[in-house]
Amino acid sequence: MVLGNYKTCVAARSTDKEILKGAQDGGIVTQLFAYALEEGIIDGAIVAGPSDEPWKPEPIVATTKAELLAARGTKYNLSPNMSLLKEATRSYGLDRIGIVGTPCQMQAVRKAQLYPIGMRDVPDKVALAIGIFCMENFPYQSIEALVEDHCNVKMESVTKMDIGKGKFWAYTERGAVAQIPLKVTHKYEQPGCHVCLDYVSNLADVSTGSVGTPDGWSTVFVRTKIGDDVWSKASAAGCFETKEIESGKTGLELVTKLATDKITKNQKTLEGRATFGVGKGLRNPYL
């Protein structure tokens, strides 16, 4: 069960050219939230928006499509989206909230729903939780070092970053592409990522990532009843183009391999910590 429970798994991309223009891959998160906003399924979505520093995300509550469009694309450093969950209900007065996050953040959402300590009346207002695939993340200073020192590119000139095919990529506004081997990035990873046993956001309503599909498409796992309801309605409304995900080494098999690799590698970290009393008794909940 390294891929978690799911009802449907497909390759998909948005049919909205405006969304695709600045999307990381298939524009799944932006499109699904835009549809949910339009149909009143959510009142707003907590997403990783832009900040004053280039490529440093800042959580925002998006209540319009324009705000969702401004938050498009992957930022490879953590955006503390959970920190806005209470404020979204209090300051913004939202009753139906969408939230996107990494696997650890999806775990936090579900824990808050089970044990709402200090979050009274908040967890019940999460109407749609979208998770993204994540192998590891980086502090902002690490991203600066990777882009400016290793790729020799200024942060403000970067239009897109990507991780794939064993490399870290930085694309610039003038069309240049810089790349470095992933082995160079490992020492820059956040240590907390090394104890995570979830690659595909098992606890989200819908989870998505680029692995397993061609360029410009995304792999989508529809996991819950809520996710299935929203995804089915959005698909019926023509929001997505879908096709069957491949089962071979470039499709679902690759997703499974990476999910297994993350679990295997990080399980060793957990076992090592247990030998000196840290995290003793932890086990892999996905096997």
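The values are calculated or read from the model by the stated rules, or taken from the named source; none is laboratory data. Here the structure is a predicted model, which is why all the values come from computation and not from measurement. Here the Cβ positions follow ideal geometry from the backbone for every residue, glycine too, while neighbour counts run over all protein chains shown.
Couple of notes before you dig in:
Conditions (1) surrounded by fewer than 18 Cβ atoms within 10 Å (Cβ to Cβ); (2) under 23 Å from ILE97 (Cβ atoms); (3) β-branched (Val, Ile, Thr), marked per residue:
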site	(1), (2), (3)
LEU37	no, yes, no
PRO50	yes, yes, no
LYS56	yes, no, no
ILE60	no, yes, yes
ALA66	yes, yes, no
LEU69	no, yes, no
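- For the range 1-24, a tally of residues being closer than 25 Å to LYS160 by Cα, in contact with a strand residue (DSSP E or B) (Cβ under 9 Å, 6 or more places away or on another chain) and of a type outside the set (Val, Ile, Thr) returns 8.
- All conditions in (1) closer than 29 Å to CYS9 by Cβ; (2) without any contact (Cβ under 8 Å) to a residue 12 or more places away in the chain hold for ARG90, with the sole exception of (1).
- Only one of the listed residues (THR219, THR213, THR250, THR159) is under 22 Å from the mean Cα position of the chain (by Cα) and outside the structural domain of LYS21 (by TED's automatic domain parsing). That residue is THR159.
- The conditions of being closer than 20 Å to GLY192 by Cβ, among the β-branched types (Val, Ile, Thr) and not assigned by TED's automatic domain parsing to the domain that holds GLY166 are met by THR102.
- Members of the range 168-209 that are charged (D, E, K, R) and either surrounded by 15 or more Cβ atoms within 10 Å (Cβ to Cβ) or part of a loop (DSSP other than H, G, I, E, B) (or both): GLU173, ARG174, GLU189, ASP198, ASP205
- LYS165 meets the conditions (1) under 21 Å from VAL109 (Cα atoms); (2) within 19 Å of the chain's Cα centre (by Cα) in every case but one. The failed one is (1).
- First in the range 1-19 and assigned to a loop (DSSP other than H, G, I, E, B), second anywhere and modelled with pLDDT of 95 or more and acidic (Asp, Glu), Cβ under 8 Å, 6 or more apart: GLY4/ASP198; LYS7/ASP228; THR15/GLU241
- Restricting attention to the range 108-143, the residues that are in a helix (DSSP H, G or I) and within 24 Å of HIS186 (Cα to Cα) total 4.
- If the condition is being out of contact with any Cys (no Cβ under 8 Å at 6 or more places or on another chain), of a type in the set (D, E, K, R) and under 15 Å from HIS194 (Cβ atoms), then the range 244-267 contributes ASP261, LYS265.
- Enumeration of residues in the range 229-259 that are of a type in the set (A, V, I, L, M), surrounded by 13 or more Cβ atoms within 10 Å (Cβ to Cβ) and assigned to a loop (DSSP other than H, G, I, E, B): ILE245
- Test: residue in the range 148-160 that is touching a Phe, Trp or Tyr at 6+ places or on another chain (Cβ under 7 Å) and closer than 26 Å to VAL220 by Cα: yes
- Those residues of the range 42-70 which are under 16 Å from the mean Cα position of the chain (by Cα) and under 26 Å from ASP121 (Cβ atoms), in sequence order: ALA45, ILE46, VAL47, ALA48, GLY49, GLU58, PRO59, ILE60, LEU68
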